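Worksheet: the structure to be examined is printed underneath.
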Amino acid sequence: MSTPEVAIIGAGLAGLTLALALHKQGINATIYESRSAPLNIGGAVMLSPNALKVLDALDLYQDVRGRGYNFDLLKVVKVDGELIETYEFGGKEKYGYQANRCYRYELIDVILSKIKSLGIPVVFGRKYARVVEETEDHVVWESTDGKQSTASFLVGADGIHSTVRKYLYPDVEPKFIGMAGITSAVPAGQVTYPYGKIDQPLTITAEGKGAFVIAPQKPDASEMFFGKQKRIDELDREGWDKFLADKEGLVKFLQEDAEAFGEVAVTATSKIPHDKINVWPFYVIPHLDRWASQKRRVVILGDAAHAIPPSAGQGINQAFEDVYMFSLLLAAAKTGGVNFEDALTFWQGFRQDRVNKILELNKQIDLRRMPKGTRPAGLADEVVQKEFDLQWLYEPDFKAEVENWIRSTKS
């Protein structure tokens, strides 16, 4: 395989990181983004050791570490402060990295700065429209302005509503799971917690009321994020826009039953800035048999291939795993070390197995946060009571996994 030129559709976190990962492997890439500038909206993301390991391999970790709040555990407590359980999200001694809660725009800034310093091309204001032609060695694609370009590979890193995915699956649509996260953030000085310092994210459970989540953010913990989950029927795009625009309605939901969660919820929700409110509808992508076209010149990854609700905080972490392993395998194919079709089969199989396990973990977390009376019938209690096992999530060495697979193909 000759040196491939990769066209990446989408300048979000997955697309930007893919360009860096490919550059690290000596593979040229150009990023194309429909917007006129980087997407610097949205709240914070939680980065766990599996993703931070990838960022470290791409020489980004130290900068990222300084942009966010570093922590180890998620704690589940009762309203009176009694600890129910802890959920590991990082740990330097055990996993090599503390977890990091970082604003999305800060993370994009770090990655984009690195991209600019390396001279990796980013083309803003060019929106992907369709694949014109795909052969055994190249793909021709067209943007909405009618301009056509040729690349060795086209990678859709364009999110849950991916237009590139339409080329592989014209009829597949994201599936709403009937739940949305409503969140906001306030200055830490506004929040009173009678049972000690909030130095780790807390999930406060109240019998019959579900859960209230609160977490420190910004490097100095000067801000507190908080939120609840709401069961809601699916809305169309206009409906979601209207739902988000109803700031007073969202404030009312966040303040509803605040007393049930104690002083921390009452003080956190006492004054909610409208510009900090976010709504995250939880969507998933139905299982896809393949993340690449028949001729393997068009590939999707991240949310385009397997959107994961944010319950376990693994959405962007899994996208980083996709990106890093894909770059290693494409590099191995470029040097003739492996067959690219086989590499794609291994990549998707390995990644899908992990995504499936995270979806099960999400289900367990979601059920724990819901009031008993609103939990689905059936195996809900069994799922809720099952202990967390997170060793598998944080410890993989992705480079070693790829190298072991390559060795196995030659034995």
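Values for this structure:
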item	result
Volume in Å³ per residue [convex hull over Cα atoms, computed for the chain]	145 Å³
Student exercise, the chain dipole from Lys, Arg, Asp, Glu Cβ charges, in Debye to nearest 20	440 debye
Label-point separation in nm, E248 to D145, each point 7 Å along Cα→Cβ	4.3 nm
Accessible area of segment 175-283 belonging to carbon and sulfur atoms, whole % at 1.4 Å probe	50 percent
Longest to shortest principal axis, alpha-carbon extents of segment 175-283, angstrom	42, 30, 23
Binned Cα-Cα distances of segment 1-159, short to long, each 10 Å bin given as a whole percent	10, 33, 29, 17, 8, 3, 0
Greater than 28 Å apart at Cα, pairs in K116/K175; K24/K75; K334/K399; K75/K271; K147/K295; K114/K218	K116/K175; K24/K75
Listed residues Q148, S408, A14: farthest to the positive end of the dipole of the chain (Cβ charges)	Q148
Per residue solvent-accessible surface (Å²) - the chain, probe of 1.4 Å	44 Å²
Förster radius 25 Å - calculated FRET efficiency between D397 and K276 (Cβ-Cβ, nearest 0.05)	0.10
Computed Rg/Rh of segment 115-212, alpha carbon atoms with Kirkwood Rh	1.21
Cα-projected label distance for K410 with R130, points at 7 Å along beta-carbon direction, nm	4.4 nm
Aspartates and glutamates whose Cα lies under 13 Å from that of K94, excluding same-chain neighbours fewer than 8 positions away	D72, E395
Per-residue SASA entry for Y103, accessible area with 1.4 Å probe, Å² rounded to 10	30 Å²
Förster radius 30 Å - calculated FRET efficiency between D233 and A37 (Cβ-Cβ, nearest 0.05)	0.35
FRET efficiency for E263 and H138, using Cβ-Cβ distance with R0 set to 45 Å, rounded to 0.05	0.10
Under the span-like rule (Cα at least 27 Å along the axis, Kyte-Doolittle mean at least 0.5), DSSP H helices of the chain	315-334
The chain: calculated mean residue ellipticity at 222 nm from DSSP helix runs of at least 4, using -39500 (n - 2.57)	-11000 deg cm²/dmol
Heavy-atom accessible area order for T269, T86, largest first, 1.4 Å probe	T86, T269
Relative contact order [Cα under 8 Å, 6+ residues apart], the chain, whole percent	20 percent
Cα-centred dipole magnitude for segment 175-283, charges only on beta-carbon of K, R (+1) and D, E (-1), debye, nearest 20	120 debye
Whole-number percent relative contact order across segment 175-283, with pairs defined as alpha carbons under 8 Å at least 6 apart	44 percent
Contour minus Cα-Cα distance for D80 and Y195 (0.36 nm per residue)	40.6 nm
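The values are calculated or read from the model by the stated rules, or taken from the named source; none is laboratory data. Since we're looking at a predicted model, the values are computed, not measured. A quick note on method: Cβ atoms are made from the backbone with ideal geometry, for glycine too, and the neighbour counts reach across all protein chains shown. For accessibility, only protein heavy atoms count, side chains too; no ligands or nucleic acids. Shrake-Rupley method; radii C 1.70, N 1.55, O 1.52, S 1.80 Å.
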